[in-house]
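The values are calculated or read from the model by the stated rules, or taken from the named source; none is laboratory data. All figures in this text were calculated on a predicted structure; none of them were measured in a lab. Cβ atoms come from the backbone with ideal geometry, glycine included; neighbour counts cover every protein chain shown. Protein only, heavy atoms only, side chains kept; ligands, DNA and RNA dropped before computing areas. Shrake-Rupley method; radii C 1.70, N 1.55, O 1.52, S 1.80 Å.
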Protein chains: 2
Amino acid sequence: VKLSGSASLDSDLKRLLGSGAVLSRSSELYNHDSTELQALSGEPDAVVAPSDSAGLRRLIGWCESHQIPIVPRGGGTGMAGGAVPLDGGIVCSLERMDRVRAFDPEFWRIHVEAGVTTARLRDLARASGLYFPVDPGAAEQSQIGGNTATNAGGPHSFKYGVTRHWVTGLEAVVGGGTELRSGGPTRKDVAGYDLTGLLVGSEGTLGVISSVWLRLIPAPELEIAVIAGYGGIREGVQAILRVYAAGATPATLEFFDPGCIEATRAAFPGSMPHDVSFLVVANVDGTEVAARQAETEIQEVLAPDSVLLRSVADRGSRAQLERWRSGIGFAVAARRGGKVSEDIALPVDRLEEAILGTIRVGDELNLPACSWGHAGDGNVHATFEVDRTVTADLELADAGATRLFELALGLGGTVSGEHGLGWVKRDQFGIRFSKDAQRLQLQIKHAFDPSGVFNPGKKLGTYTSWSPRTPRNPE
Amino acid sequence: VKLSGSASLDSDLKRLLGSGAVLSRSSELYNHDSTELQALSGEPDAVVAPSDSAGLRRLIGWCESHQIPIVPRGGGTGMAGGAVPLDGGIVCSLERMDRVRAFDPEFWRIHVEAGVTTARLRDLARASGLYFPVDPGAAEQSQIGGNTATNAGGPHSFKYGVTRHWVTGLEAVVGGGTELRSGGPTRKDVAGYDLTGLLVGSEGTLGVISSVWLRLIPAPELEIAVIAGYGGIREGVQAILRVYAAGATPATLEFFDPGCIEATRAAFPGSMPHDVSFLVVANVDGTEVAARQAETEIQEVLAPDSVLLRSVADRGSRAQLERWRSGIGFAVAARRGGKVSEDIALPVDRLEEAILGTIRVGDELNLPACSWGHAGDGNVHATFEVDRTVTADLELADAGATRLFELALGLGGTVSGEHGLGWVKRDQFGIRFSKDAQRLQLQIKHAFDPSGVFNPGKKLGTYTSWSPRTPRNPE
């Protein structure tokens with residue numbers, strides 16, 4: 001098989017999947033994910049979008065027998081380069097597998113194909129009075145298959161947990177081109193090892209997830225955002241720790257550091273006093289009565305030292321706040337044309353050290369640095385502003401990332417709270433894990449993917465059964 | 001090495017672990033678990049209780065080099081024979097590893113050794129205003145290591161999920177006698193494959209869990225049990241489904257079928273009208289205000305067709321109800337001297353079929369049958385009353401169990417909701433899972449346990465790298 005869009009590759013794929021499933025490989029849609037802001041992109045040999053599991057099985061069997069790597073792709077909103085075809089191969093988009101296989105609102109469950117977007121899933125649930133609490137952002141683009149493959153988190157994970165907690169079963173095509181079904185609509189199952197949980201968060205390296213069974217819960221009647229601003233990092237972090245100490249349980253508990261505030265102050269809905277340099281946002285939810293009670297409690301807890309304290313309950317104002325929130329990455333990137341965002345997590349009592357450490361690393365490298373994220377879970381999105389056309393900037397940011405990972409591990413934390421290792425953190429695999437933990441993971445990889453075709457080079461930095469060509473793009 | 005309590009075995013173990021760690025192997029404490037009620041017991045070659053991880057590592061290294069099986073043991077409250085030394089080997093009790101390594105109530109987390117009892121953990125949490133919601137029963141005996149190894153559930157899993165949802169990290173000694181640490185106090189981590197989740201529920205077949213990091217949550221201010229009685233199964237199951245339809249979210253949603261009510265009616269606290277033949281108990285919790293609101297809502301939902309409806313809020317009355325609940329197994333077993341309890345789970349809309357199917361199987365085999373369990377999770381503890389001294393009874397119950405498993409799988413469910421496969425359901429491994437799913441699990445087993453010494457013969461019915469001697473006790 002000649003690669004890179006050769007006539008024989010195209011005709012083989014069309015024969016396997018139908019001509020409608022073979023997309024233009026020159027489309028820029030499929031050569032990057034959200035790491036484009038740090039200049040990461042690749043060039044696929046082909047882009048396909050199977051319309052059903054049978055096609056997916058044929059494709060994977062063919063890739064295995066021809067030793068061609070397969071790069072599974074959801075909405076392309078990943079932050080670790082997991083879906084970027086850095087070394088070519090066949091990008092397998094799940095976008096056409098977007099059927100709702102079964103929706104049983106009266107029993108709080110749904111079975112969807114991988115290509116259903118997070119927004120559609122949440123809207124479907126909402127329309128039946130139900131709720132899927134995991135909202136990792138970019139919900140219109142991101143797909144439930146990608147959310148599952150990365151074990152996506154997001155703000156509401158503080159109260160509701162990450163994607164893994166909501167997946168009761170899945171189907172995936174694994175090595176050998178066979179479809180593995182693990183779990184299903186039943187809510188509890190301890191019969192075997194947790195293969196479902198293993199595939200959740202495997203970043204396309206163990207197989208391609210084709211459908212997912214999810215638990216849902218009754219929708220909260222009311223959600224209220226409580227916004228508190230402080231003059232400094234210390235005061236804000238103390239407020240966050242008071243939430244813990246008070247035993248309050250908001251659905252979200254987010255922080256935004258001084259650099260982040262500076263970059264987005266003008267876009268903040270409503271007025272933000274100029275002495276605010278650190279923001280805490282806690283969403284409370286529940287029944288009308290419970291949410292109002294929680295609002296009062298959180299306001300009391302956040303009040304000391306605050307220079308801004310207000311609540312936002314109506315849908316329109318909360319949507320404005322959401323838009324501000326989801327625009328932060330772009331606003332920060334806009335300052336110098338790009339950003340390198342890392343995603344560390346640590347025990348919550350080390351939060352202040354992580355925030356200060358991020359700024360210090362930026363100072364030392366002379367790169368503007370800021371952070372925001374899921375304070376309640378100790379999950380910090382530490383970010384360097386870069387000019388992505390300047391190689392020296394990207395190299396500095398790389399060095400900064402390495403120091404951030406050392407910082408996180410030194411604080412008893414981890415190098416990825418919710419974005420995964422993907423391509424950009426693949427080297428951390430060998431640093432984060434002991435030799436034994438590495439060996440066990442590589443043996444699991446080999447059991448699921450004996451041919452080594454599933455997303456080679458990602459997540460497991462030391463995995464070498466597939467020998468990659470020279471990457472076409474610098475990291 | 002001569003086995004079976006020989007002088008050389010004893011002296012080897014004393015040299016490895018200290019004399020205080022080698023317990024009397026003739027003690028009946030270590031030859032059975034809760035499956036004793038179906039006549040299951042074994043005879044260990046030795047019983048040891050290491051006092052720390054270093055000893056545990058030495059023990060496991062020694063077992064591997066001598067090819068002697070190791071049967072890890074928590075509180076011995078398991079329902080699947082997982083901790084029973086049916087084929088001899090060394091029982092490794094975790095009872096002396098019962099230290100609280102770190103407790104940070106202000107950050108809602110605790111790090112405990114495997115031998116800490118569930119009750120002690122819950123009491124510690126409570127004393128600091130916190131809550132560990134998983135309560136699989138027999139809390140005074142059961143240990144957190146065993147809870148973790150079996151991914152224990154229990155009534156509160158309806159709202160709060162099973163053990164896996166609360167474990168943020170663990171230490172385990174795996175093959176090679178090396179200690180594996182996975183996760184820790186950080187609440188989110190997607191750096192590698194979910195080795196933590198894989199060890200949770202592995203029933204001692206992948207290694208011995210030595211310590212566990214747990215998330216806790218602020219304790220609910222109030223818990224109220226709402227009790228509703230019905231004249232028949234159909235009316236009761238309809239009430240349970242109405243809870244779903246109403247979008248109510250009690251912490252527990254339990255059912256007790258006619259046979260179960262008959263066996264325990266006299267012990268029920270307060271009066272139970274004679275026309276009650278099916279009971280639903282839903283515990284609601286939350287802040288004082290939220291719990292009272294939920295109580296009213298649940299009462300309204302459960303009211304239609306009920307012949308008994310009352311709430312129990314004070315601690316003493318709820319404890320009485322708890323004692324009745326935890327005595328059900330014994331009360332049912334007392335009727336004929338024993339019981340064989342199975343633990344199936346299915347989609348909640350198939351609950352009535354599972355309850356009726358259990359009774360029908362009993363009728364066909366002429367064994368009294370009843371069921372109770374976690375209705376909200378579709379988790380049914382289906383039980384046959386037997387005379388455990390009568391071989392024919394045990395054989396009939398075995399046949400009944402097989403039919404129950406067929407029933408569960410036919411309803412789209414699973415052969416174990418929360419008890420595991422252990423020894424008693426080991427044959428179900430080959431039935432429940434596809435060839436591919438079996439192969440993957442066996443490869444995982446082999447990666448963690450290349451010598452095959454960890455609890456051989458349990459959970460993975462087809463695992464044969466350890467060749468067991470003829471079992472000393474019939475199943």
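Some points to look at:
- Top-ranked residue in region B:245-275 [being in a loop (DSSP other than H, G, I, E, B) and among the small types (Gly, Ala, Ser); ranked as surrounded by the fewest Cβ atoms within 10 Å (Cβ to Cβ)]: B:Ser271
- Residue list for region A:106-128, filter: within 14 Å of another protein chain (Cβ to nearest Cβ) and open to solvent by less than 40 Å² (accessible area, probe 1.4 Å): A:Phe107, A:Trp108, A:Arg109, A:Ile110, A:His111, A:Ala125
- Any hit, region B:46-59, residues being under 20 Å from B:Ala172 (Cβ atoms), open to solvent by less than 30 Å² (accessible area, probe 1.4 Å) and in contact (Cβ under 8 Å) with a residue 60 or more places away in the chain: yes
- When the residues of region A:24-55 are filtered to those that are closer than 20 Å to A:Trp423 by Cβ and aliphatic (A, V, I, L, M), the one that is modelled with the lowest pLDDT is A:Leu37.
- Scanning region B:272-330 for residues that are more than 25 Å from B:Gly231 (Cβ to Cβ), within 14 Å of chain A (Cβ to nearest Cβ) and free of Cβ contacts under 8 Å to residues at least 12 places away in the same chain returns B:Val289, B:Ala290, B:Gln293.
- All positions within region A:391-429 that are more than 10 Å from chain B (Cβ to nearest Cβ), of a type in the set (A, V, I, L, M) and farther than 15 Å from A:Gly357 by Cβ: A:Ala392, A:Leu394, A:Leu396, A:Ala397, A:Val424
- From the options A:Arg432, A:Arg439, A:Arg388, residue that is among the basic types (Lys, Arg) and more than 14 Å from every other protein chain (Cβ to nearest Cβ): A:Arg388
- Residues that are open to solvent by 10 Å² or more (accessible area, probe 1.4 Å) and under 29 Å from B:Val112 (Cβ atoms) do not occur anywhere in region B:226-244.
- In this entry, B:Leu440 passes the filter for residues that are among the hydrophobic types (A, V, I, L, M, F, W, C) and either closer than 13 Å to A:Tyr193 by Cβ or without any contact (Cβ under 8 Å) to a residue 60 or more places away in the chain (or both).
- Being at pLDDT 95 or above, within 28 Å of A:Gly329 (Cα to Cα) and of a type outside the set (S, T, N, Q) holds for only one residue in A:Phe405, A:Phe454, A:Phe448, and it is A:Phe405.
- Qualifying residue in region A:76-92 (condition: on the phi < 0 side of the Ramachandran plot, among the β-branched types (Val, Ile, Thr), surrounded by fewer than 23 Cβ atoms within 10 Å (Cβ to Cβ) and outside any helix (DSSP H, G or I)): yes
- Residue, surrounded by the fewest Cβ atoms within 10 Å (Cβ to Cβ), within region A:314-358, restricted to residues that are of a type in the set (A, V, I, L, M) and in contact with a Cys (Cβ under 8 Å, 6 or more places away or on another chain): A:Ile328
- Lone qualifier among B:Arg96, B:Arg58 - being of a type in the set (D, E, K, R), modelled with pLDDT of 95 or more, closer than 28 Å to B:Ser19 by Cβ and part of a loop (DSSP other than H, G, I, E, B): B:Arg96
- Counted residues, region B:285-312 - those being β-branched (Val, Ile, Thr) and within 31 Å of the chain's Cα centre (by Cα): 4
- Checked against (1) open to solvent by less than 30 Å² (accessible area, probe 1.4 Å); (2) modelled with pLDDT under 95; (3) small (Gly, Ala, Ser); (4) in contact with a helix residue (DSSP H, G or I) (Cβ under 7 Å, 6 or more places away or on another chain), B:Ala437 passes all but condition (2).
- Of all residues in region A:129-159, those satisfying the criterion of being closer than 28 Å to A:Ala291 by Cα, touching a strand residue (DSSP E or B) at 6+ places or on another chain (Cβ under 8 Å) and either aromatic (Phe, Trp, Tyr) or more than 10 Å from chain B (Cβ to nearest Cβ) (or both) are A:Tyr131, A:Phe132, A:Pro133, A:Ala139, A:Glu140, A:Gly154, A:Pro155, A:His156, A:Phe158.
- Restricting attention to region A:198-227 and to residues that are among the charged types (D, E, K, R) and part of a strand (DSSP E or B), the residue that is farthest from the other protein chains (Cβ to nearest Cβ) turns out to be A:Glu223.
- Residues in region B:129-141 that are closer than 18 Å to B:Pro72 by Cβ and buried (at least 24 other Cβ atoms within 10 Å of the Cβ): B:Pro136 alone.
- Against the list (1) under 26 Å from A:Leu394 (Cα atoms); (2) in a helix (DSSP H, G or I); (3) among the acidic types (Asp, Glu), the condition A:Glu106 fails is (1).
- Top-ranked residue in region B:21-43 [being in contact (Cβ under 8 Å) with a residue 60 or more places away in the chain and either more than 30 Å from B:Asp398 (Cβ to Cβ) or among the aromatic types (Phe, Trp, Tyr) (or both); ranked as surrounded by the fewest Cβ atoms within 10 Å (Cβ to Cβ)]: B:Leu23
- Output for region B:409-421, where each listed residue is crowded, with 22+ Cβ neighbours inside 10 Å and out of contact with any helix residue (DSSP H, G or I) (no Cβ under 8 Å at 6 or more places or on another chain): B:His419, B:Gly420
- Restricting B:Leu404, B:Leu394 to residues that are within 28 Å of B:Leu253 (Cα to Cα) and not charged (D, E, K, R) narrows the list to B:Leu404.
- Matching residues in region A:175-197 - criterion: being surrounded by fewer than 24 Cβ atoms within 10 Å (Cβ to Cβ) and either more than 8 Å from chain B (Cβ to nearest Cβ) or part of a strand (DSSP E or B) (or both): A:Gly175, A:Gly177, A:Thr178, A:Glu179, A:Arg181, A:Gly183
- Helices (runs of 4 or more DSSP H) enclosed by region B:328-418 - at least 1 residues per element that are closer than 19 Å to B:Gly78 by Cα and under 21 Å from the mean Cα position of the chain (by Cα): B:328-336, B:391-410
- Checked against the criterion of being at positive phi and modelled with pLDDT of 95 or more, the candidates B:Gly204, B:Gly229, B:Gly177, B:Gly192 yield just one match: B:Gly204.
- Residue ID - surrounded by the most Cβ atoms within 10 Å (Cβ to Cβ), chosen from residues in region A:276-299 that are of a type in the set (Asp, Glu) and in a helix (DSSP H, G or I): A:Glu295
- A residue that is among the small types (Gly, Ala, Ser), away from chain A (no Cβ under 14 Å) and within 24 Å of the chain's Cα centre (by Cα) occurs somewhere in region B:246-265.
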